[in-house]
Amino acid sequence: MNWAVYVNAVGFVAPGLDTAADLHAHLNGVTVTEPQGWTPAPISLNPRQARRLSESIKLSIQCAEQIAPALPPGAGWVFASSVGEGVTLNEILSALRQPDVMIQPVKFQNAVHNAAQGQWSIAAQAAGPGTSLAAYDDTFAAGLLKAGMQVALEGIPVGVVAFDAPLPPPLHEKRAFALSMAAGLALSPEPTDGTLAALDLSCAAAADAPVPGSPNAADWLTESNNPVRAAIPLLERLLHKDPEPLALPVSRGTVLNVVPRYD
């Protein structure tokens, strides 16, 4: 199956790179060092809401805020994360080890994998269909595949946000990556006045396809082991209007072929 979608906005969040414009500047040669003590700061949350949410959820919301203006109120949303809400899960597991188990009810609400998508729907009053998924290291490609198929088959705009934040110990020992990162795309079935590019998408069999590289990005981004790093080569092509195709591993033995067009 081959299909086309249109990209109307790009989002990105990482330590020291709070927007896609910051990433664009960095890929054009602006040096960025990983700051200490950085935390995401979404503008759609009031201070009380922000205190109740983990870094992972705030990271996803800050990225979603960047692409939301390019999407209508009824757009679909896909939130893709390999580990989901790890901090809250770790707190619950730690509490269960204690003789007197004391867990706040809000912790259960925020421990599920679709917590980020749910909190975004509340913050943005997003009433369209929402999906949350995980695909380990291939999570970004899986999210893009799901969003692209929804755009093509249902004919609706879709925002896709891939995000992951480091797990606390001891979970970190089982799934280790060095920093928080989120990437987002606003997709539509037809071009709009703000369309940045078209993406021709297709799936194909491929053995052991590596994640494409991005030589212009800092090593601490591309070598972080965060699954969202797989988005950087595509974002770089979109920001630089580069038509070079790329193949993103989407599952064992399968790749998602992506061909940008700038008609």
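Go through region 65-117 and count every residue that is assigned to a helix (DSSP H, G or I), over 15 Å from the mean Cα position of the chain (by Cα) and at pLDDT 80 or above. Of the residues in region 65-117, 2 are assigned to a helix (DSSP H, G or I), over 15 Å from the mean Cα position of the chain (by Cα) and at pLDDT 80 or above. Candidates 247, 230: the one that is touching a residue at least 12 places away in the same chain (Cβ under 8 Å) and either open to solvent by 40 Å² or more (accessible area, probe 1.4 Å) or within 17 Å of residue 183 (Cα to Cα) (or both) is 230. Exactly one residue among 256, 199, 187, 238 is part of a helix (DSSP H, G or I) and aliphatic (A, V, I, L, M), and that residue is 238.
So that you can scan it fast, the table gives a plain yes or no per residue for (1) in contact (Cβ under 8 Å) with a residue 40 or more places away in the chain; (2) closer than 27 Å to residue 149 by Cα:
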| residue | (1), (2) |
| --- | --- |
| 2 | yes, yes |
| 26 | yes, no |
| 36 | no, no |
| 39 | no, no |
| 45 | yes, no |
| 49 | yes, no |
| 60 | yes, yes |
| 66 | yes, yes |
| 70 | yes, yes |
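Do the conditions hold for residue 41, that is, is it among the hydrophobic types (A, V, I, L, M, F, W, C), surrounded by fewer than 17 Cβ atoms within 10 Å (Cβ to Cβ) and on the phi < 0 side of the Ramachandran plot? Answer is yes for this residue.
Note on region 43-64: among residues that are more than 18 Å from residue 132 (Cα to Cα) and aliphatic (A, V, I, L, M), the one that is modelled with the lowest pLDDT is 50.
Taking the criterion of being of a type outside the set (Asp, Glu) and more than 28 Å from residue 84 (Cβ to Cβ), the residues of region 181-206 that qualify are 189, 191, 192, 194, 195, 196, 197, 198, 202, 204, 205. For region 169-180: of the residues being under 20 Å from the mean Cα position of the chain (by Cα) and within 14 Å of residue 85 (Cα to Cα), which is surrounded by the most Cβ atoms within 10 Å (Cβ to Cβ)? That would be 180. Listed conditions (1) surrounded by 16 or more Cβ atoms within 10 Å (Cβ to Cβ); (2) over 17 Å from the mean Cα position of the chain (by Cα); (3) without any contact (Cβ under 8 Å) to a residue 40 or more places away in the chain are all met by residue 222, apart from (2). Screening residue 127 with (1) at pLDDT 95 or above; (2) open to solvent by 10 Å² or more (accessible area, probe 1.4 Å) gives one miss only, at (1).
For residue 159, state whether it is surrounded by 19 or more Cβ atoms within 10 Å (Cβ to Cβ), touching a residue at least 60 places away in the same chain (Cβ under 8 Å) and either aromatic (Phe, Trp, Tyr) or in contact with a strand residue (DSSP E or B) (Cβ under 9 Å, 6 or more places away or on another chain) (or both).
yes
The values are calculated or read from the model by the stated rules, or taken from the named source; none is laboratory data. Since this is a predicted model, take the numbers as computed values, not measurements. Glycine gets a Cβ as well: all are built from the backbone with ideal geometry, and neighbour counts include every protein chain shown. Areas reflect the complete protein model, heavy atoms only, side chains present, ligands, DNA and RNA absent. Shrake-Rupley method; radii C 1.70, N 1.55, O 1.52, S 1.80 Å.
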